[in-house]
Amino acid sequence: MIDLNKNVQYIKGVGPTKLLLLNKLGIFTLKDLITYYPRTYEDRSKLKYISECNDGEEALIETVICNNLTNVRLKGKTMQRVIVRDETESATITWFNQPYLKGKFKVGEKYKFFGRITKKGGKVMLNSPVFDIKEKIQNTGRIIPIYPLTYNLSQNNMRKIMEAAIKEAYGNLEETLPQYLLKEYKLENINDATKYIHFPNEFNDFNIARYRLVFEELLSIQLALLKLKNSYMNEEKGIKFSKNAKMSDVINTLPFNLTKAQLRVLEEIDQNMESEKCMNRLLQGDVGSGKTVVAMCAAYKAIKSGYQVAMMVPTAILAVQHLENFKNILEKLNIKCEILVSGITKKKKEKILEELKNGNIDILIGTHAIIEENVVFKNLGLVITDEQHRFGVKQRTKIAEKGKNPDILVMTATPIPRTLALILYGDLDISIIDELPPNRKRIETFAVGKNMTERVNYFIKKQIDEGRQAYIVCPLVEENEEMDLKSVEKLYEVYSKELFPQYKVEYIHGKMKSKDKDSIMERFKNKEIDILISTTVIEVGVDVPNSNIMVIENAERFGLAALHQLRGRVGRGEYQSYCILKFEGKSENVRKRMKVMCETNDGFIISEKDLELRGAGDFFGTMQHGLPEFKIANLFEDIEILKMVQSAAIKILNQDPKLEKKENKLLKELIKEKFMKRIEL
């Protein structure tokens, strides 16, 4: 069988220059190459007569050359032109700056051309078409794969390299799925699937090949995650927290009533914590749905059962906010909370570490500083992570190792469609708070073009004069000549000197030092700043109840999930809040996305639409989860395959939990390769 780890430099057509370009694309081995799938295809297989072609249509024509190629000089450029004819009509074909074409065409001989047809004043033209000579088919007469490429690597070059690789691999690839699965789910064999995903003879070949490869990709991930979940369940018993530690002690002290959704989720967590099974639960809830209170109740139960709690958050400012919230509710119940972030003094840190080790601190809230080796708990029983997508699975595991099988509660304000959650968090049970507190006002959202700039600025001024504050968000930190997007620094100059010199304007971005960011957010919270220009660094940030305007520049550059998260920064207080999406571009996709944002504040609806309009790769970077990137699956398009795969994975592991049976050897190898560092098999 073939060595799939063979360096790609030994594939025909790959010289030193092309090797570097392939490496840029993450292609280092033969396996990397043959699993680098096309992003789309062009059907260049169906011949048309010139007279049948429509204006603007891409078409394949077979013609005879009528004259020798002419080469015309135009202001430093050259233009190559030839006239061709088929049985029905003639056409003029033009190329620019391609003098090497001289001598390529012989008068009276047949050639195939594929390109965009232009019809003007009764004349038919093609600009810069691809072509093939006589029966030598390379660029026309078939379905052509189009690959995502890097600069200086052409589609032609990539196709030639891929053809050489497939020629070498075809018939020599070892099957990666058991025969019983191939038969039961009518899956193509690995050799044909690999060949036809790149070079299908017809689109049915492509559909069959893609179905098999998507099935395999999703199955390997589902099996791995379910094995991980089973390993949690089959480990030593988890902590059985006391039935006498009542969450209602906290609930009864709250100055507000919990929603039905919060109470339902608390019941799920309570049952989990009182059982011997180790809790590994994802708590999903939209911005402002009240996840923090749920976390407090769970923390209280753990502490009153004799354990400590660790809460890990992505930023120091969020750690401070959580500390304040926890202290407000729990200090009166004799629970000691403390914070550990990188900015605290050495003396204070030593004191905290000593008290933590002695068990004098009940809840430690902090950033990734919590996972350092010198942080030792006396008796860690519950680990809470907030905004889980900011942490990898390894970090979650590392902090859990500081206790003996502690319960884990993972919180996220990023609403994720349930099907996607099953992929990203397949190793966790899922709880959803799908209801907002009744006093939350809807954030009014407007999508506007450039022509509304003056009105938007007037509106900002009016709100600030009434005592409110505003966020202005843009996608870049510095100016980028290639992208006409407003940067933080440029916007700061415009807002502070031209538009609003009478107000206090500041800016914040991710490249700043943590202490500087924290200082600016603190000043904003204390109403010392009127307008804050920012990147998405504020997406997960401190609550500023007085800020009620969120203006997002170049909103078309953000996914819906990110826009929804940003919008959630306002509407935290008593004032009516507004989100203004300033966008450019007239594409249908952009208009659809802006419309969704204006029509709904429901994060789950928005997340479904985001998945539909952008695909899973953009929606949620799976690499952050410790999961491999999807090479071919699209979680929106492939939802039916995903459901099928989830059933198949459950059935396989029910019958063979450790994949020890002979017929499952290939599955064991498949997930071992993809999840080598995450799962003991």
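Apply the a/c threshold of 1.5 to the C-alpha gyration tensor of the stretch 101-185 and tell me whether it is rounded, prolate or oblate.
prolate
How far is the Cα center of the stretch 274-334 from the Cα center of the stretch 26-64, in Å?
Cα centres, the stretch 274-334 to the stretch 26-64: 55 Å.
What is the packing order of peptides 430-441, 571-582, taking the mean over residues of other C-beta atoms within 10 Å and listing the highest first?
The packing order, highest mean first, is 571-582, 430-441.
Can you say what percent of the DSSP beta bridges in the stretch 46-141, counting only those with both residues inside, are antiparallel? Round to 5.
Among the beta bridges of the stretch 46-141, antiparallel pairing accounts for roughly 90 percent.
List the trypsin sites (Lys or Arg not before Pro) within the stretch 313-359 that DSSP assigns to loop and that have no more than 16 neighbouring Cβ atoms inside 10 Å.
Listed in order of number, the matching sites are Lys336.
What ranking do Tyr185, Tyr10 get, fewest neighbouring Cβ atoms within 10 angstrom at the top?
Fewest-to-most Cβ neighbours within 10 Å comes out as Tyr10, Tyr185.
5 Å is the cut-off here: which amide hydrogens, built 1.01 Å from N in the peptide plane, fall below it relative to Ile384, excluding neighbours closer than 5 in sequence?
HN-HN under 5 Å from Ile384: Ala310, Met311, Met312, Leu409.
Figure the gain on full extension for Lys348 and Leu499 (residue separation times 0.36 nm, minus the Cα-Cα span) and round it to one decimal in nm.
Once the chain is fully extended between Lys348 and Leu499, it gains 50.0 nm.
Can you tell me the dipole magnitude for the chain around its Cα centre, using point charges on the Cβ only (Lys, Arg +1; Asp, Glu -1), in Debye to the nearest 20?
The dipole of the chain has a size of about 1100 debye.
How would the stretch 46-141 be classified by its alpha-carbon gyration tensor: rounded, prolate or oblate, with rounded meaning a/c under 1.5 and the a/b versus b/c comparison settling the rest?
oblate
Explain nothing, just the number: dipole magnitude of the stretch 46-141 about its Cα centre with +1 on each Lys and Arg Cβ and -1 on each Asp and Glu Cβ, in debye rounded to the nearest 20.
560
Please give the calculated 222 nm ellipticity per residue for the chain, where each DSSP H segment of at least 4 residues contributes -39500 (n - 2.57) and the sum is spread over every residue; nearest 500 deg cm²/dmol?
Working: 22 runs with 246 residues, N = 681.
Value at 222 nm, helices only: -11000 deg cm²/dmol.
Lys/Arg Cβ at +1, Asp/Glu Cβ at -1, dipole of the chain taken about the Cα centre: which of Gln80, Ala91, Gly343 is farthest positive-ward?
It is Gln80.
Return Met125, Met597, Met162, Met273 ranked ascending by Cβ neighbour count within 10 Å, so the fewest neighbours appear first.
Met125, Met162, Met597, Met273
So if each residue of separation counts as 0.36 nm, and I subtract the Cα-Cα distance between Phe96 and Asn189, what length gain in nm does that give?
29.0 nm
Please tell me which of these pairs span more than 26 angstrom C-alpha to C-alpha: Lys75/Lys490; Lys349/Lys517; Lys186/Lys672; Lys441/Lys497; Lys351/Lys402; Lys357/Lys525?
Those over the limit are Lys75/Lys490; Lys441/Lys497; Lys357/Lys525.
With the Cα gyration tensor of the stretch 444-600 giving a ≥ b ≥ c as the square roots of its eigenvalues, does the rule (a/c under 1.5 for rounded; else a/b larger than b/c for prolate; else oblate) give rounded, prolate or oblate?
Rounded is the answer for the stretch 444-600, as its axis ratio a/c remains below 1.5.
With both bridge residues required to lie in the chain, what share of the DSSP beta bridges run antiparallel, to the nearest 5%? Display every interim value, and only then the final one.
Working: 35 of 90 bridges.
Counting only bridges with both partners in the chain, antiparallel ones make up about 40 percent.
Compare the Cα positions of Gly122, Ser519, Gly26 along the charge dipole of the chain (+1 at Cβ of Lys, Arg; -1 at Cβ of Asp, Glu; about the Cα centre) and return the one farthest towards the positive end.
Gly122
Want the number for Lys672 to Lys461: 0.36 nm per residue separation, take away the alpha-carbon distance, what's left?
70.1 nm
For the chain, what is the Kirkwood hydrodynamic radius in Å, using each pair of distinct C-alpha atoms?
Computed over the chain, the radius equals 29.1 Å.
Among His368, Met644, Ile433, which residue has its Cα furthest toward the positive end of the charge dipole of the chain, with +1 on Lys/Arg Cβ and -1 on Asp/Glu Cβ?
His368
For Lys24, which aspartates and glutamates qualify as cross-link partners when the Cα separation must be under 14 Å and same-chain residues fewer than eight apart are set aside?
Within the straight-line limit of under 14 Å, Lys24 reaches these aspartates and glutamates: Asp32.
What list of ³J(HN,Hα) couplings, whole Hz, do you get for the stretch 488-502 from phi and the Karplus terms 6.51, -1.76, 1.60, once you set θ to phi - 60° and write x for glycine and proline?
These are the phi-based 3J(HN,Hα) values: 4, 5, 5, 4, 4, 4, 5, 5, 7, 9, 9, 7, 10, x, 7 Hz.
Placing unit charges on C-beta atoms (Lys and Arg positive, Asp and Glu negative, everything else neutral), compute the dipole magnitude of the stretch 444-600 about its Cα centre in debye, rounded to 20.
Computed about the Cα centre, the dipole is about 340 debye.
Give the calculated FRET efficiency between Arg116 and Thr600 to the nearest 0.05, with a Förster radius of 51 Å applied to their Cβ-Cβ distance.
Details: r = 39 Å, r/R0 = 0.77.
About 0.85, to the nearest 0.05.
Report the calculated FRET efficiency for Leu149 and Thr35 (r = Cβ-Cβ distance, R0 = 25 Å), to the nearest 0.05.
With a Förster radius of 25 Å, E is 0.95.
We did not get these values from a lab; they are worked out from the coordinates using the rules stated. This structure is a prediction, so every number in the text was calculated from the model and none was measured. FYI the Cβ positions are ideal-geometry reconstructions off the backbone, even for glycines, and counts take in every protein chain you see.
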